[in-house]
Amino acid sequence: MPELAGKHGLIVGVANKRSISWAVAQAAAAAGARLALTYPSERLEENVRELAAKLENPLILPCDVTSDQQIADLAASLDREFGGLDFFLHGAGFAPADALHNPFVDTSRESFRIALDVSAYSLVGLTRAVVPLMEKRGGGSVLTLTFIGSDRVYPNYNVMGVAKAALESSVRYLASDLGPKNIRVNAISAGAIKTLAASGIAGFSSILQVYRDRAPLRRGVDTSEVADAAVFLLSSASRAVTGEILMVDAGMHAIGL
């Protein structure tokens, strides 16, 4: 396992113990990193604090990713406590329930805006805020989480597929912008995993079964497998990798019929 000893990282997107972001936090901490975790609202603060208590000397901070002021406050707090930043995991994603339950053609303008703001633009806003912190360390690694619904139609994924497509395109443009600063930007496209976000997608259990029936490995993936890949991309072991969408999906992306 690549080492992150002495490194400082920011993890955004922890909701509960089943979150991919939480699995990454655990793996990064086990590899030696000190972490800052954020919570988006008072409703989720208790969950994040309870989980963070299992880490060594974590920093727990509020951050509603739709608020430029909260993003700026987050960066200032990281600068005061860490004096720089080595890596950032972006796991924020959200779409209103109506945009997942109704046909995509019925997506409202407001639901579309919210999904793209929270799930895609937040990567841009947060990355911009942490760039000066990474420059203090001579570079860094930015990683986000996506899903193949960005490229192919999955039942009831709807506007989140469009948001993930925007997110993946943002990865490439950010990688181009920030490469000269030695800041790498990548994404992991994880297979279907039963997270809190996935629970809002009707028929998700059927998608999980398709993975078990048709993926080359004849199974789905779990959060620990995604986390192991994430630690690789957050560490210097992947120092020549940027602008990449790494598939961690038991090979499902390679299958046609």
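The values are calculated or read from the model by the stated rules, or taken from the named source; none is laboratory data. In this text the structure is predicted, and so the values were computed from the model without any measurement. Note that each Cβ is placed from the backbone with ideal geometry, even for glycine, and that neighbours are counted across all protein chains shown. What goes into the accessible areas is simple: the full protein's heavy atoms, side chains included, and nothing from ligands, DNA or RNA. Shrake-Rupley method; radii C 1.70, N 1.55, O 1.52, S 1.80 Å.
Assorted remarks:
- Options 170, 150, 238; residue that is within 30 Å of residue 86 (Cβ to Cβ) and in contact with a Leu (Cβ under 6 Å, 6 or more places away or on another chain): 170
- Among the residues of region 134-167, those that are under 23 Å from residue 234 (Cβ atoms) and surrounded by fewer than 21 Cβ atoms within 10 Å (Cβ to Cβ) comprise 135, 136, 137, 138, 139, 148, 166.
- Residues that are assigned to a loop (DSSP other than H, G, I, E, B), open to solvent by 30 Å² or more (accessible area, probe 1.4 Å) and either in contact with a Lys or Arg (Cβ under 9 Å, 6 or more places away or on another chain) or over 21 Å from residue 93 (Cβ atoms) (or both) within region 46-65 comprise 53, 54, 56, 57, 58, listed in sequence order.
- Identity of the residue in region 66-108, assigned to a helix (DSSP H, G or I) and aromatic (Phe, Trp, Tyr), that ends up nearest to residue 36 (Cα to Cα): 82
- Some residue of region 221-231 being modelled with pLDDT under 95 and over 17 Å from residue 93 (Cβ atoms): yes
- Residue among 14, 24 that alone is in a loop (DSSP other than H, G, I, E, B), modelled with pLDDT of 95 or more, buried (at least 23 other Cβ atoms within 10 Å of the Cβ) and not aromatic (Phe, Trp, Tyr): 14
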